[in-house]
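Undergrad: Right, I'll just put the structure down here and ask away after.
The values are calculated or read from the model by the stated rules, or taken from the named source; none is laboratory data. Computed from a prediction, not measured in an experiment: that's the story for all the values here. Here the Cβ is made from the backbone with ideal geometry for all residues, glycine too, and neighbour counts use every protein chain on show. Note: areas computed on protein heavy atoms with side chains; ligands, DNA, RNA excluded. Shrake-Rupley method; radii C 1.70, N 1.55, O 1.52, S 1.80 Å.
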Amino acid sequence: MKKILTLISTLLLISILGAINFDYDADMLTRAAAYNDYYKKDGGHIDSRLRLGLNSELTEGLNFRLAIEIGEITWGDNATGGNIGAGGINIETSELYLDYYMPAIKSNIKAGLQYLADHRSLVLDHYGAGVILYTDIAGMKAQAGMLKNLENNRFAHDDYTIFLASLEATSPVVWGFNSYVGYDDRNDDGEISFLPYVTLTAGPATLDLNPFVCYQFIDGPNKTGFGAAVKAEIDITPIQVGADILIASEDGLVPYCSYYQNGLFIYGYNIIHDGLNLYWTDELYHNNEETFISAVGSIRFPVTEKHTLFAAGGWLKDLGMELNGGIESQLVKDMLKLYLYGAWGKNDDSDVNNYATGASLQLNF
């Protein structure tokens, strides 16, 4: 029966796609890494994934998007389909929404699974299910809507719901804000977060400021956290130098699904391989008992037209430090890149010296 249903679904999908014009976007990533853990145990793995998005204008003012992810498939792993036979369940739905333009209010409304992120990915950077209104206000981009963070008992008022709003202007500088109101009906608590930002540019230098304040009403004394993410870059051709600092007070900020990238592999998220970090968690700036600081410096230096050296070093308060570096090679222009990297970290709470080294092959098409 399952085979019949799968066949019918596949044929139905093909017939739909054959009758409707669509375009696509896709990227494929294969990563190999070797590393050790908190206990000095050595290991490593290789994984692959494909992200594919389909877009179609069903009729004027009505668009549809479907995005799926195949993987991440760990080579040799039965559960993810990477063993010989490759028959694991590894397809996920990332986006599935309708985008409808409402002429009466000159706005778009998206309903379904969609991608959302705040300016520095401190609170949210992922796919979520909800309804979002997109519009322009005096030349500024605005959005407002609702996401369902957690559906508990369907026959009880015990869900976790998020309401969000944002505004962004590009003149005379890039500035705006992200705001969130989250409420957990089961525990009768929640939070109100406000994150304004501004990006200043002067010649080769760029300064991005993203302060935040978060009021948390919980069972017990209410809390107010605050802090800021600051990013600075300067392009001293051919060298690019950068700095990234995150400071958060006690109980700083409530994240839903954050993806803040500080450029470290072991003590943070690095887009080259974001699955290696050992010590970074949202709790570092949420429910933290004292002020948290992450400070990272970075440098990029192109040695040829196709090859760029990069390095970064950072310190996290009461946690540790890391040094990393590598080379980015453009194998096929605007399509295929190879990254080779290595990282070393020292943990403050133990005598462990952590390492991570590997290669990532990124294809965009």
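Undergrad: Determine the shape class of segment 225-275: with a ≥ b ≥ c the square roots of the Cα gyration tensor eigenvalues, call it rounded for a/c under 1.5, and otherwise prolate if a/b is greater than b/c, oblate otherwise.
TA: Values: a/c = 3.14, a/b = 1.50, b/c = 2.10.
In terms of gyration-tensor shape, oblate.
Undergrad: Run the 1.4 Å probe and let me know the accessible area of GLU92, rounded to the nearest 10 Å².
TA: Here the accessible area works out near 100 Å².
Undergrad: In straight Cα distance, which lysines are under 30 Å from LYS346, not counting same-chain residues fewer than 8 positions off?
TA: LYS40, LYS41, LYS231, LYS317, LYS337
Undergrad: Sticking with this one: Would you check the accessible area of PHE310, probe 1.4 Å, heavy atoms only, in square angstrom rounded to 10?
TA: 30 Å²
Undergrad: Now, a different point. Can you list the equivalent-ellipsoid semi-axes of the chain, largest first and in whole Å, using the square root of 5 times each Cα gyration tensor eigenvalue?
TA: The equivalent ellipsoid of the chain has semi-axes of 33, 30, 24 Å.
Undergrad: Any idea which of ILE247, TYR269, SER329 is furthest toward the positive side of the dipole for the chain, if Lys and Arg beta-carbons carry +1 and Asp and Glu beta-carbons -1?
TA: The listed residue farthest towards the positive side: SER329.
Undergrad: Turning to a different aspect of this structure: Give me the Debye-computed log₁₀ of I(q)/I(0) at q = 0.11, 0.14, 0.26 Å⁻¹ for segment 171-254, equal point scatterers on Cα only, no solvent, two decimals.
TA: Normalising to I(0) and taking log10 leaves -0.42, -0.60, -1.18.
Undergrad: Can you send over the solvent-accessible area of TYR38, 1.4 Å probe, protein chains only, in Å² to the nearest 10?
TA: 110 Å²
Undergrad: Can you give the charge dipole size of segment 158-275 about its Cα centre, rounded to the nearest 20 debye, using +1 on the beta carbon of Lys and Arg and -1 on the beta carbon of Asp and Glu?
TA: 500 debye
Undergrad: Still on this structure: For the chain, what is the relative contact order in percent, using Cα pairs closer than 8 Å and at least 6 residues apart in sequence?
TA: Numbers: 937 pairs, mean separation 40.6, N = 365.
Once normalised by length, the contact order is 11 percent.
Undergrad: When the expected Rg is taken as 2.2 N^0.38 Å, what fraction or multiple of it is the alpha-carbon Rg of segment 297-365?
TA: Working: Rg = 14.7 Å, N = 69, 2.2 N^0.38 = 11.0 Å.
For segment 297-365, the normalised Cα radius of gyration is 1.34.
Undergrad: Students sometimes get this wrong: rank LYS223, LYS106 by accessible area, probe 1.4 Å, all chains present, largest first.
TA: The residues order as LYS106, LYS223, largest area first.
Undergrad: Please arrange HIS45, HIS157, HIS126 by accessible surface area, largest first, computed with a 1.4 Å probe and ligands excluded.
TA: Of HIS45, HIS157, HIS126, the descending order of accessible area is HIS157, HIS126, HIS45.
Undergrad: Please enumerate, by chain and number, the lysines with C-alpha under 20 Å from the C-alpha of LYS333, excluding those fewer than 8 residues away in the same chain.
TA: LYS306
Undergrad: Let me know the whole percent of all Cα-Cα pairs from segment 53-210 that are separated by more than 26 Å.
TA: 46 percent
Undergrad: Something else: Could you tell me whether segment 127-226 comes out rounded, prolate or oblate from its Cα gyration tensor? Rule is a ≥ b ≥ c as square roots of the eigenvalues, rounded for a/c under 1.5, then prolate if a/b exceeds b/c, otherwise oblate.
TA: oblate
Undergrad: Further question on the same structure: Dipole magnitude of the chain about its Cα centre, charges +1 at Lys/Arg Cβ and -1 at Asp/Glu Cβ only, in debye to the nearest 20?
TA: 1080 debye
Undergrad: Tell me, in nm to one decimal, what length is gained between THR135 and ALA79 on full extension, where the rule is 0.36 nm per residue of separation less the Cα-Cα distance?
TA: 15.9 nm
Undergrad: Mind ranking VAL296, VAL131, VAL198 by accessible surface for me, highest first, 1.4 Å probe?
TA: VAL131, VAL198, VAL296
Undergrad: In the Gaussian network model of the chain, springs joining C-alpha atoms below 10 Å, which of GLY43, GLY268, GLY82 carries the largest mean-square fluctuation?
TA: Answer for the Gaussian network model of the chain: GLY43.
Undergrad: Packing-wise, with mean Cβ within 10 Å as the measure, how do 113-121, 273-281 rank, highest first?
TA: 113-121, 273-281
Undergrad: I've got another one for you. So what's the back-of-envelope 222 nm ellipticity for the chain, counting only DSSP H runs of four-plus at -39500 (n - 2.57) apiece and dividing by all residues, rounded to 500? Mind showing how you got there, number by number?
TA: On the way: 1 runs with 18 residues, N = 365.
Rounded to the nearest 500, the figure is -1500 deg cm²/dmol.
Undergrad: Then there's this: On a C-alpha basis, how far is the centre of segment 202-226 from the centre of segment 67-118 in Å? Whole number, if you could?
TA: Centre-to-centre (Cα) distance: 30 Å.
Undergrad: Running Debye on segment 106-169 with equal point scatterers at the Cα sites and no solvent, what base-10 log of I(q)/I(0) appears at q = 0.22, 0.23 Å⁻¹?
TA: Taken in order of the listed q values, log10 I(q)/I(0) reads -0.96, -1.02.
Undergrad: Express the relative contact order of segment 312-361 as a whole percentage, based on alpha carbon pairs under 8 Å and six or more residues apart in sequence.
TA: After rounding, I find 31 percent.
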